[in-house]
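K.L.:
Provided herewith is a single structure, encoded as C-alpha cells, for subsequent inquiry.
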Amino acid sequence: MDKSSRIYIAGHRGLVGSALVRQLKSSGYTNLITRTHTELDLTDNAATIRFFGEKKPEYLFLAAAKVGGILANNSYPAEFIYQNIMIQTNVIHAAWKYGVKRLLFLGSSCIYPKYAEQPMKENFLLTGSLEPTNRPYAIAKISGIEMCWSYNRQYGTKFLSVMPTNLYGPGDNYDPHSSHVIPALIHKFHTAKQKNEKEVIVLGTGKPKREFLYSDDMAEACLFLMNLDDVRFNGLLLGSDETATGRFEPPLINIGTGVDMTIEELAVKIKEIVGFDGGIVFDSSKPDGTPQKLLDVHGINALGWKAKTPFNIGLKQAYSDYRKMVGVWP
C-alpha cells in the first residue's frame, strides 16, 4: 500500500477497527476511509454498493461485525448469524465489483471444531463439530472465508481471511451482558472493588484455556500481511481448486501469541491488576464453551511477524483504558 492509497476500514470504531486506524495513522497512511453505522449500514446491500461506487477503496480491512461473549452469543443467535452474514456478503461482493486490490477479512478462532487438536492449524477448518454456544457466529465467519475463497478462485481477487485469537485492549466493549471474557472480568472486579464486595462470581468452572492477543498487536499483524510482496501474499491466498488438486487449502492465516492460560489464571491476574482484595467464586452451572482454543501461529511467525506486547503490560493498559472510560483516571 502507498501512503496515499484509499484504505477503507469497515468497523473502525470497534476494538480491532480502532486499533487498525491507530496503526495506519502512526505508519503515515493519509487517505483512510471510515463510516459509522449511522452513516452506512453495511447490512443494506444497495447502500453498500453505492458507497463503494462513490469511494472506490483500493484496500479494505473488513473488521465490521456483531461480536460478543458466550452470554451474548447464546442470547441472540439469530442476530449473530444474520448481521454477520449480511455485512460480509455485501462488503466482499462490493469489493469485487469495484476492484479492491486486496481485502483482509477478520474472522475468529471459534471457526475451528470444539474438540480440535491443539494448537489449531488453518487446515483444521471444517474437520469437526463447532461449539454450540457460538455456532451461529462461527458459521457466519466460515461463510465469509468460503466467500473470499470462491471469489479468489472465480475472479482472481486477492481476499485473505485472518483468524485472530481472543482480543483485548483499548476501545473494548465492557458491557457485562455482551462483552468478551477480559473486559467482562475487568468490569466485574473493578465494580466489586468500588463497592467493597467480598467476592466476584466468574461464570463457568474456570478450567477452559484461552489465548489472548493485544489489539494493537493484531492491527500490526494485519498491516504486515497487507503489505507483503505479491509472491508471499499470493502464496497465502492458496485457494487451490480442491476438486482438481485434492488439497484443502483455505485462504486464511492464524494470528495469535501461541500461549494460553486457564480462565482461573486469567481471573487471578485481573484481580491483582485491579487491586481487588476479595475472593473468586466460579459458577459451574454456567457454560464453559470450548475446552481449549490455542492457535498454531507458525505460518505468520515464519513470514516474520510475532506478537510483542507482554500479557501483563497489555492487561494493565486495558485496565487503564477502562478507568478512563468510567471516569476514575488516574
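The values are calculated or read from the model by the stated rules, or taken from the named source; none is laboratory data. Since we're looking at a predicted model, the values are computed, not measured. Neighbour counts are summed over all protein chains in view; Cβ atoms, including those assigned to glycine, are modelled from backbone coordinates with ideal geometry. Keep in mind that these areas ignore ligands, DNA and RNA; they rest on the heavy atoms of the full protein, side chains included. Shrake-Rupley method; radii C 1.70, N 1.55, O 1.52, S 1.80 Å.
K.L.:
Find the residue count for segment 76-90, including only residues that are over 17 Å from the mean Cα position of the chain (by Cα) and either closer than 12 Å to MET147 by Cβ or open to solvent by less than 60 Å² (accessible area, probe 1.4 Å) (or both).
P.N.:
Matching residues across segment 76-90 total 4.
K.L.:
Would you be able to tell me the number of residues in segment 98-110 that are over 19 Å from THR34 (Cα atoms) and at pLDDT 95 or above?
P.N.:
0
K.L.:
Taking the condition in contact with a helix residue (DSSP H, G or I) (Cβ under 9 Å, 6 or more places away or on another chain), surrounded by fewer than 14 Cβ atoms within 10 Å (Cβ to Cβ) and in contact (Cβ under 8 Å) with a residue 40 or more places away in the chain, does LYS308 pass?
P.N.:
yes
K.L.:
I'd like the full set of residues that are in a helix (DSSP H, G or I) and closer than 30 Å to THR205 by Cβ, limited to segment 67-102.
P.N.:
Listed by number, the residues that qualify are ILE70, LEU71, ALA72, ASN73, ASN74, SER75, PRO77, ALA78, GLU79, PHE80, ILE81, ASN84.
K.L.:
Hey, does segment 149-156 have a residue that's touching a Pro at 6+ places or on another chain (Cβ under 8 Å), open to solvent by 60 Å² or more (accessible area, probe 1.4 Å) and not hydroxyl-bearing (Ser, Thr, Tyr)?
P.N.:
The answer is no; no qualifying residue exists.
K.L.:
Related question: Filter segment 97-114 down to the residues that are of a type in the set (Ser, Thr, Tyr) and out of contact with any Phe, Trp or Tyr (no Cβ under 6 Å at 6 or more places or on another chain), then identify the one that is nearest to THR157 (Cα to Cα).
P.N.:
SER108
K.L.:
Turning to a different aspect of this structure: Need a quick list: helices (runs of 4 or more DSSP H) entirely within segment 182-281 having at least 1 residues that are open to solvent by less than 10 Å² (accessible area, probe 1.4 Å).
P.N.:
215-226, 230-237, 263-274
K.L.:
Could you list all residues from segment 54-75 that are among the polar types (S, T, N, Q) and surrounded by fewer than 18 Cβ atoms within 10 Å (Cβ to Cβ)?
P.N.:
Result: ASN74, SER75.
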